[in-house]
Amino acid sequence: MNLRQMEVFRAIMLTGSITGAAELLHISQSAVSKMLSHTQQRTGLKLFQLSKGRLVPTSAAKELYAEVEHLWRNVEKVHALSKELADPSKGNLYVAASPSLGMTVVPLSVADTIKKAPELKVKVILPLPNQLIDVVADKVVDIGIGTFEVSHPSIEVHARFSCPLVCIMAPGHPLAALHEIHPRDLVGHRLISVPFQELYGLSEEKVYGEVLEDLDKGVEVRSGLIASLFSRATGEVAVVDAIAISDGLIPELEIRPLVTSESININVAYNRFKPPSPQVTLFEELLLHRLKECCAEVAPRGA
């Protein structure tokens, strides 16, 4: 069955009649009838039975239709991609990002991309780590930006960064007098914390060391950006990823490096069987530029 035969067969399945298929395809009824007859002869299948003026699909047609629909969606993707390649300023961009990145560097990078491609349609989702890997592996999105290690046979990491942890606080906070902050310096101060294991796959024991049990984690929030907002509101110290306060997102705060052996891994990944479109390549270029401003780029594993 060639593409034209698939198109006619699909139209009859959708409309239930020769007339309806002809109207849907903007061709004559005789052309539809001839194509249907030719398809049945070539395949050796009886695809439809006439009942009360309608063409009722046979069991063979129903089974065939499921495969035709799958193939047709791929044909439509090819048409859409060819249009995108012809005009990179248009098209679609589907992004999956870890929540901490999806509220900071990703919106800024999307904004940069839209300035260069104003007609681009963008969809961003913020799944949990395992779900992020799944949507990249299943080709649901064009690109994934995560704070967890990626290990999947269908996924290729194009760029990898090490993002430091920093302490933020009000200018009048006692720790603002230090040039850098060690975990032991946090003891005795009320701390705004984030769930390091859940967000970044980091162990609090490794981040804070032996002083972990002595810390006063008075407030826990779900992201570095939210912790920054709480820090600005209360003046108290928070430990966040450097991206949370990049590009002056949260002004009026003092920033000091946290001296710890731990850092956050950021992976920019694609499905290795889905070549990036011009739109995705443009977004990645702008995203990497922003990541390089506040993170150290490291070689992807296996590179």
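With respect to being at positive phi and modelled with pLDDT of 85 or more, G53 falls outside the description. Only one entry of H152, H158 meets the criterion of being modelled with pLDDT under 95, of a type outside the set (S, T, Y) and either at positive phi or part of a strand (DSSP E or B) (or both), and that entry is H158.
Taking the conditions (1) in contact with a strand residue (DSSP E or B) (Cβ under 7 Å, 6 or more places away or on another chain); (2) closer than 27 Å to V110 by Cβ in turn, R290 satisfies each one other than (1).
Within segment 255-262, is even one residue in a helix (DSSP H, G or I) and either under 25 Å from E119 (Cα atoms) or touching a strand residue (DSSP E or B) at 6+ places or on another chain (Cβ under 6 Å) (or both)?
So far as segment 255-262 goes, no, none of its residues is in a helix (DSSP H, G or I) and either under 25 Å from E119 (Cα atoms) or touching a strand residue (DSSP E or B) at 6+ places or on another chain (Cβ under 6 Å) (or both).
Residues that are small (G, A, S), closer than 30 Å to V140 by Cβ and touching a residue at least 12 places away in the same chain (Cβ under 8 Å) number at least 1 in the following helices (runs of 4 or more DSSP H) confined to segment 1-79: 3-15.
Here E293 clears all of (1) in contact with a Pro (Cβ under 8 Å, 6 or more places away or on another chain); (2) touching a residue at least 40 places away in the same chain (Cβ under 8 Å) except the condition numbered (1). Picking from residues in segment 89-117 that are out of contact with any helix residue (DSSP H, G or I) (no Cβ under 6 Å at 6 or more places or on another chain), of a type outside the set (A, V, I, L, M, F, W, C) and within 26 Å of N74 (Cα to Cα), the one that is surrounded by the most Cβ atoms within 10 Å (Cβ to Cβ) is Y94. Exactly one residue out of R232, R272, R256 is surrounded by fewer than 21 Cβ atoms within 10 Å (Cβ to Cβ), closer than 30 Å to G91 by Cα and not hydroxyl-bearing (S, T, Y): that is R272. Once segment 192-227 is narrowed to residues that are of a type in the set (S, T, Y) and surrounded by fewer than 23 Cβ atoms within 10 Å (Cβ to Cβ), the residue that is nearest to the chain's Cα centre (by Cα) is S223. Taking (1) part of a helix (DSSP H, G or I); (2) within 21 Å of the chain's Cα centre (by Cα); (3) not hydroxyl-bearing (S, T, Y) in turn, N267 satisfies each apart from (1).
The requirement of being modelled with pLDDT of 90 or more, assigned by TED's automatic domain parsing to the domain that holds A170, surrounded by fewer than 21 Cβ atoms within 10 Å (Cβ to Cβ) and closer than 25 Å to Q197 by Cα is not satisfied by V240.
The values are calculated or read from the model by the stated rules, or taken from the named source; none is laboratory data. A quick note: this is a predicted structure, and the numbers were derived from the prediction, not measured. FYI the Cβ positions are ideal-geometry reconstructions off the backbone, even for glycines, and counts take in every protein chain you see.
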